[in-house]
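Everything below concerns the one structure shown next.
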Amino acid sequence: MNKSFNCSNIRRVFALAFFVSIFLVFGGQGLFAQTYVTNNGIIMEKVADEDVQQAERLNEEAEIEDEKERERLSELTDDEADIEESDDIDELFGDDAEGDTDQAISTPTTEIVKVDAKNKPVEFSGNLSAELGGYVWFEPWEKTKPLATFSNTLKFIGRPRSDFYVYGSFLTQFPQMDFGVYELYFDYTLFGKADISAGKRDISWSLSRMLTTNIIDERCSVITSEDAAKRPSRTTADSKFSLIATVPVLSYCSIKGVAQYESREMQDEMPDYVSLAGKFEANFGKFSASILGKRWAKADAQGFDPCFGMELFSTILGQNSNMFVQCLSHFSSSSHNLTRLKWTTGVYKYFESPVMLGLSFEYQGIWGREEVSSGGTIGQFKGVQHLFAAEIGWSHFIFSKKWTFGCKWFHDTGNDYGTIFPAIGIEEILPHLDFKTTAPIYYGSQKKFGLVFEIVLNLSY
């Protein structure tokens, strides 16, 4: 009895163990499969999240690169000094009657249009300016004379690649009766840093807004009373065939070299008509320092002595401001003696708020060992000459129209005369039409004063 009971109990235990093991096997496989699917889902979700993050990161990097490219294009100018702030004070003193215009700010030599290379490989734009008015001189008395000018610049920029672009502009002017290609050149960026540019181009290394400091321009060598007091008109002859190379050094320095062909015709002795200029610039935060020089062409009829100089530029006064100091010296090619010395300093500040106010002041001193002839005019370089220039302008909205009140002053101690130009401008009296009136006053050795009224059409397209 005991024996049969024990055997039956043993068989029941084995049967129970068999069913339990089967349950554990299949149940464990199901549990393992569910756990594997769950873990695999977590892994796949992580992979998907990483893919999304990677895609977002690539998109952000692409957007950053596009933004950098647009900023680089917008900063491409002929001169490296970023001093050409756009404000209404400058427009107020644009042009005046019959060339009796006080020296205005340096006109930007090239306006590069912002271009998205991926969407717009070629883009056209332009600026049209026309003036109609009249002027009268009260002392000495003259009858009212009409004033009519026209100027149109058609520009294009083509960028088939991100490291290469072609820029061109065509200029039409009246009454100068000037029509033709103003600029046409290409710019090629090597390895994302060095730039090579060649073509017909107007180059400016000027830091001044009112006086002449551009070492590339011959007017920088000989300053006459007429050059200092009047702004020359921009013409197609200002741009010359040039080769420019800009090479970065370290992360905050650069070297720029310029070779210009000074003749408008092909000459047999072509190297004798090539002028050379160079600049080494170092940037330290809000400060930049430059060493520059120029050797004029051997065939240059005016025979200017080689020029060397130093510049210091700063934006320490904040946004829309600059301060600079420049010294240029000329040495004789034969005797190696110092023949001319010119030093210039200036400060500019434009306040956008709480009021729209612009202030600018510049001083220039010139010393010369002897008088130098420039196109039949004797330059004022024998002895010492001092030039002063200042500008103030204030803008305010009156009856929903923007009014700008300004005054510009220039004084030449060498020729004992000066000018005071008070002016008032009203924007958009009609669509694209501005009104401007100026009262030029000359004192000292050149005494006269008058009144100018102008309707100015400004259109950008």
Query - Filtered residues of segment 323-346 (kept if out of contact with any Asp or Glu (no Cβ under 8 Å at 6 or more places or on another chain) and within 30 Å of S395 (Cβ to Cβ)) - result: M323
Query - Residue that is surrounded by the fewest Cβ atoms within 10 Å (Cβ to Cβ) [pool: residues in segment 169-178 that are in contact (Cβ under 8 Å) with a residue 24 or more places away in the chain and either closer than 17 Å to K200 by Cα or of a type in the set (A, V, I, L, M) (or both)] - result: D178
Report summary line: The correct count of residues that are open to solvent by 20 Å² or more (accessible area, probe 1.4 Å) and part of a strand (DSSP E or B) in segment 420-461 is 24
Query - Evaluation of E391 against (1) crowded, with 16+ Cβ neighbours inside 10 Å; (2) touching an Asp or Glu at 6+ places or on another chain (Cβ under 6 Å) (one fails), failing number - result: (2)
Query raised in the report: Got at least one residue in segment 243-253 being within 21 Å of the chain's Cα centre (by Cα), within 30 Å of S360 (Cα to Cα) and surrounded by 13 or more Cβ atoms within 10 Å (Cβ to Cβ)?
Result: yes
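Among the residues of segment 194-213 satisfying the criterion of being of a type in the set (K, R) and farther than 17 Å from K279 by Cβ, which is modelled with the lowest pLDDT? Lay out the reasoning, then the answer.
Of segment 194-213, the ones of a type in the set (K, R) are 200-201, 209.
When the remaining residues are screened for being farther than 17 Å from K279 by Cβ, the result is 200, 209.
On the way: K200: 95, R209: 87.
Among those residues, the one meeting the criterion is R209.
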Report task. Mind telling me which of the residues V166, V181 ends up being loosely packed, with under 15 Cβ neighbours inside 10 Å and of a type in the set (V, I, T)? Result -> V181
Requested in this report: Looking only at segment 124-163, count how many residues are among the hydroxyl-bearing types (S, T, Y), in contact (Cβ under 8 Å) with a residue 60 or more places away in the chain and open to solvent by 50 Å² or more (accessible area, probe 1.4 Å).
Outcome: 1
Report task. Please enumerate the residues belonging to segment 434-461 that are in contact with a Leu (Cβ under 6 Å, 6 or more places away or on another chain) and free of Cβ contacts under 8 Å to residues at least 40 places away in the same chain. Result -> A439
Query raised in the report: Looking at segment 352-370, which of its residues are open to solvent by 50 Å² or more (accessible area, probe 1.4 Å) and either among the small types (G, A, S) or at pLDDT 90 or above (or both)?
Result: S353, L359, F361
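The values are calculated or read from the model by the stated rules, or taken from the named source; none is laboratory data. What you see is a predicted model; the values in this text were computed from it and never measured. When we count neighbours, we look across all protein chains shown, and the Cβ atoms used for this are built from the backbone with ideal geometry, even at glycine. Calculation scope for accessible area: heavy atoms of the full protein, side chains included, ligands and nucleic acids excluded. Shrake-Rupley method; radii C 1.70, N 1.55, O 1.52, S 1.80 Å.
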